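Step one of this worksheet: look at the structure below.
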Amino acid sequence: MIIAQKNTLRYTLFMQKIFLDTRELDQKCREVFSLSEEIMMENASSSMELIIRKQLASCNKNNGILILCGPGNNGADGYALARRLSGEFTVVCSSVLEPKSPLCILQKERAEKSDVIFIDGKSLINNNDFFNSSIIIDCIFGSGFNRKLEEPLKKIINMANTSSAYKISCDVPTGLNVYGNIENEELNTAFIADATVTMGALKLSLFSDTAKDYTGKILVSNLGVSQKKFESTLSTNIFSLDREDLILPVRQKQNTHKGKYGHAAIVSGEKRGASVIAGNSALNFGSGLVTLVYETKNEETYSSSKDNIPYIYELMHSNSFPKNTSAIALGMGLGKDENIQKKYIEYLRTHTEIPCVLDADILYNKEIFSLLKIREENKSKTILTPHPKEFASLMENLNLGTCDSSYAAQNRFILSNKFSEKFPNTVLIAKGACSIIAYQNKFYICRNGSNALSKAGSGDVLAGLAVSLLSQGFDALTSAVSAVLSHAIASENYVKEHNNFSLTPFKLIEQIAKL
C-alpha cells in the first residue's frame, strides 16, 4: 500500500492490464518478436509444467495426471504438456473432442509417440477411476468460448468438479465466455479450477463475479517474452486493482487540527442506521469532522438512537448542511419520499463545487439524470455506488437501457462502459464480487474481497470510505479506488482471522482501522 503524500494518484506503477481478447496480442507477439505459434505453445505448456511439478511435490504422485483436451489450440497445449510430463509421471490424455486445428492434430501425434496414455470421452465417463488422479487439467476450451456446454462434455466436467484432485485450467476455465459468464448458469456448468494459468496476459473473462467461483488462483504464463513486453504490443483501457494500489489517508504533519481533514456530511433518512454506519466509516477513515444531516431535528429520536447505537455519540447532528461541508453522501437509508429527495437533489445541483457520493435510494429517482448532467458539465467530483438492482434502475433513469438486476450483475462491464461513455467525468463503482470502477472510459476491476461482505450495511461502509476521502481533498478516482480496496482487503483480513459469516459493518470498520 502507499501512504498519501499528494491528493492525486497516478495509476501507472502497479495496475496490471486486462484485455477483452488476447488473440490480437498473440498475433502481434508473433510479428514483433518473430516467435512462432509452436514456440509460444511450448512456453505455455512449460509454464503449466512448472506449476504441476510444484503441486505434485505435495501430493500423491502415484495417482497420476488426467488432461482433458479439446479440439483447438487449448487442446494442443494439453497434448504438449502431456508429452513433457510423460515418462516421469503417469499421464492420461482424454480427447473429449477430437482435434481440429492443425497444431492440435500435430501435438496429439507427438504425444502419442511419447507413450502418453489415451482414453476417449465415452470410456472416461464409464470409468470414474480416472477422476481419482492427483491432478486434473482442463485444456478443452480457452478464451473466446461463446456457447453452451453439451453432453457428454458437460458430464465430464461435472465429474471432474466433484473429484478431490487438484484442478488446473489452461487459459480460461471451460464454460466461461469472453465476459466471464456461463450461458444459462442454472442449467449449465463450467470447470472449477484451483488455479488458472492464463496465457500471456490477463483476460476480462477471469474478472467477473461468476468467474470468481471458477478460476481459483490466477497465474500468467510467459509465452516467450515477459508479460510487460507481450502486453506492450496493444493498448487497453481495463486494469486490475490489487493491494499495492491502495492509498491510505495517513497524516504527514504533527502541527495540525481537525479542520485540515475535511467535514463529511451524511444525509440521514428513514433508515438512520445506514447513515450512522456511513458516518462512522468516514470518521474512522480520516475525516476531521462528520455530521449526520436530518430532515427534521427530533430530540426524542436522537435520544432513542443514542441509547441503541453507542457509535452515534462520535458524530455531530444537524438539520442542515454545515457551512464548511467539504463532501456529501446521499442516499443510504434515505427513503423514497419525493419531496425530501428533491430537496437534496436541488442542493447538489446548485452546489456543484461540493464533492458527493450518491448511493441506494437516490439512484431510483428520475431526477438523477439532470443532477448528473449538470455535475458532469461542471466536472464536479461525483461518485455513484450502485449494487445490481440499483444499477439497473440507474441505467433506466439515465436513458441508457432497461434491464433487471440479474442482467446488471452479469453484464456489469458492458453497462459500466455505456455509463462512462455518457458520463465520463463521473466515477461509477458498480458493486459486486468483482467491483468495477469506471471513469473517463477506463475501467478498474477489484477482484479482492470476500463473501463475508454479503451483509446489510457493507455498502454503507463503502460509501462512508469514499465520502471521507473526498472530504479530505482526494480526487474522485483515487477516492473510489482506495475505498473499494480498503473495503475488500479488510474483509479478506477478517476472514483470515475469524470466519466468513460473522462480519458486521462495525467489525468491518474496525478491520479497516488495522490496514
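The values are calculated or read from the model by the stated rules, or taken from the named source; none is laboratory data. Everything quoted here is computed from the prediction, not taken from an experiment. Neighbour counts are summed over all protein chains in view; Cβ atoms, including those assigned to glycine, are modelled from backbone coordinates with ideal geometry. When the accessible area is computed, the model is the full protein with side chains, heavy atoms only, and any ligands, DNA or RNA have been set aside. Shrake-Rupley method; radii C 1.70, N 1.55, O 1.52, S 1.80 Å.
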Inset, instruction - Could you work out how far apart the two model spin labels at Ile39 and Asn397 are, taking each label as a point 7 Å from the Cα in the direction of the beta carbon, and quote it in nm? - result: 5.6 nm
Inset, instruction - Round to a whole angstrom and tell me the spacing of the C-alpha centers of the range 375-417 and the range 41-119. - result: 44 Å
Inset, instruction - Mind checking the per residue accessible area of the chain for me, 1.4 Å probe, whole number of Å²? - result: 43 Å²
Inset, instruction - Using DSSP, restrict attention to beta bridges with both residues in the chain and report what percent are antiparallel, rounded to the nearest 5. - result: 15 percent
Legend entry - For the range 362-515: relative contact order, % (alpha-carbon pairs under 8 angstrom, 6 or more apart): 19 percent
Legend entry - Relative contact order for the chain, counting Cα pairs under 8 Å that sit 6 or more residues apart, in percent: 13 percent
Legend entry - Spacing of the two label points (7 Å from each Cα toward its C-beta) at Leu50 and Asn441, in nm: 3.7 nm
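Kindly identify the range 374-515 as rounded, prolate or oblate by the Cα gyration tensor criterion: order the square roots of the eigenvalues as a ≥ b ≥ c, call it rounded if a/c is under 1.5, otherwise compare a/b with b/c, prolate if a/b is larger, else oblate.
Note, shape of the range 374-515 comes out oblate.
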Inset, instruction - Only residues of the range 215-240 count here: report those whose backbone N is under 19 Å from the spot 7 Å along Cα→Cβ of Val178, or say none. - result: 234-239
Legend entry - Per-pair calculated FRET efficiency, R0 = 51 Å: His257 and Asp21 via Cβ, rounded to 0.05: 0.45
Legend entry - Positive dipole terminus of the range 369-483, leading residue within Leu453, Leu400, Thr382 (C-beta point charges): Leu453
Inset, instruction - Give, as a single signed number, the net charge of other residues whose beta carbon lies under 15 Å from the beta carbon of Leu50, with Lys and Arg counted +1 and Asp and Glu -1. - result: 0
Legend entry - Percent carbon-and-sulfur accessible area, the chain, ignoring ligands, DNA and RNA, probe 1.4 Å: 48 percent
Legend entry - Label-to-label distance, nm, for residues given as Ser318 and Lys373 (7 Å Cα→Cβ offset): 3.1 nm
Legend entry - Tilt relative to the chain, helix 338-350 - C-alpha long axis, 0 to 90 degrees, to 10: 90 degrees
Inset, instruction - Leaving ligands, DNA and RNA out of it, work out the accessible area of Met316 with a 1.4 Å probe and give it in Å² to the nearest 10. - result: 80 Å²
Legend entry - Whole-Å distance, taken between Cα centres, linking the range 489-504 and the range 121-198: 30 Å
Legend entry - the chain: Cys lacking any partner C-beta under 4.7 angstrom: Cys29, Cys59, Cys69, Cys93, Cys104, Cys356, Cys403, Cys434, Cys446
Inset, instruction - Under 1.5 on a/c is rounded, so check that first for the range 224-273, then, if it is not, pick prolate when a/b is larger than b/c and oblate when it is not; a ≥ b ≥ c are the square roots of the alpha carbon gyration tensor eigenvalues. - result: oblate
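Please compare each pair in Lys258/Lys343; Lys108/Lys228; Lys17/Lys418; Lys28/Lys167 to a cut-off of 22 Å on the Cα-Cα distance and tell me which ones are over it.
From the list (Lys258/Lys343; Lys108/Lys228; Lys17/Lys418; Lys28/Lys167), the Cα-Cα distance tops 22 Å for Lys258/Lys343; Lys108/Lys228; Lys28/Lys167.
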